[in-house]
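One structure is given below, encoded as structure tokens.
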Amino acid sequence: MSLRINDTIENLEVETDQGTFKLHDWIGDSWAIIFSHPKDFTPVCTTEFGAVAQLSDEWEKRGTKVLGVSVDSADDHVKWKGDIEKVGGAKAGFPIVADTDLKVAKAFDMLPAEAYLPDGRTPNDTATVRTVYIIGPDKKLKLSMTYPMNVGRNFAEVLRALDGLQTAAKHTVATPANWNVGDDVIIPATVSDEDAKTKFGEFETVLPYLRKAKQPTA
């Protein structure tokens, strides 16, 4: 069964290079990002993990924990982090799940249920294990993005999407295309004009169903 938006993620116990824990316990009251990769010591993945390491202060500002997933062992993850830190120029302080049995990959619908790891596997054997999941403090999936093996992810977009999700959750609004922090937000259609004025003050009616207001700051 596929994992869909607003589904509660399974409370899996996972082994990482920083110990074993259950996902719900690890998330706690934070937001969380889980990002998966085909294999350790591969070029695109190393640049991506480096990008995540560079953003450590940004994740912390947003009360967000990050967790990598790869099908190799925890020992391999420890060794690989040396390369990640060399490429990214920043400490890779986040844990990486050793998903050697594909437990996480299957639970998060990264691979078909019948997938297995053959001897002498290559990244092609786990090609679909390449997804970003943003999870809320309620342990529910808020967003997922899936990329092919040959296109590196844009973590500035992941950060932007996280900002949008947190803004929408905090203020009960929506965000328009290409939105960034500080831009106008969209007032939900379920909110009357009178209630919108009380909550947002002045707002712009672009279309009867499209009303924009300044992003709330409180």
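Miscellaneous remarks
- Peptide packing: for 174-181, 131-138, the average count of neighbouring Cβ atoms within 10 Å per residue gives the ranking 131-138, 174-181, highest mean first.
- Listed candidates [x] 77, 43, 31; [y] 64, 39, 32; [z] 67, 34, 30 - label of the one calculated as Cα extents along the principal axes in Å: [y]
- With contacts taken as Cα pairs under 8 Å and at least 6 residues apart, region 9-96 reaches a relative contact order of 36 percent.
- Nearest 10 degrees, 0 to 90: helix 155-171 Cα axis against the chain principal axis: 40
- Taking all protein chains into account, the per residue accessible area for the chain stands at 51 Å² (1.4 Å probe).
- Fully extending the segment from Val206 to Asp75, taken as 0.36 nm per residue of separation minus the present Cα-Cα distance, adds 41.6 nm.
- Exposure rank, largest accessible area first [Met145, Met110; 1.4 Å]: Met145, Met110
- If R0 is taken as 30 Å, the Cβ-Cβ distance between Asn11 and His171 corresponds to a FRET efficiency of 0.55.
- Exceedance of the 25 Å cut-off in Cα-Cα distance is limited, within the set Lys22/Lys140; Lys103/Lys140; Lys79/Lys103; Lys91/Lys140; Lys22/Lys170; Lys81/Lys103, to Lys91/Lys140; Lys22/Lys170.
- Protein accessible area in the chain, 1.4 Å probe - carbon and sulfur %: 50
- Gyration tensor verdict on region 17-95 (Cα atoms; rounded if a/c is under 1.5, prolate if a/b is larger than b/c, oblate otherwise): oblate
The values are calculated or read from the model by the stated rules, or taken from the named source; none is laboratory data. Just so it is clear, the structure is predicted and the values come from calculations on it, not from any experiment. Don't worry about glycine lacking a Cβ; one is built from the backbone with ideal geometry, like all the others, and counts go over all protein chains shown. Please note that ligands, DNA and RNA were not included when accessible areas were found on the heavy atoms of the full protein model with its side chains. Shrake-Rupley method; radii C 1.70, N 1.55, O 1.52, S 1.80 Å.
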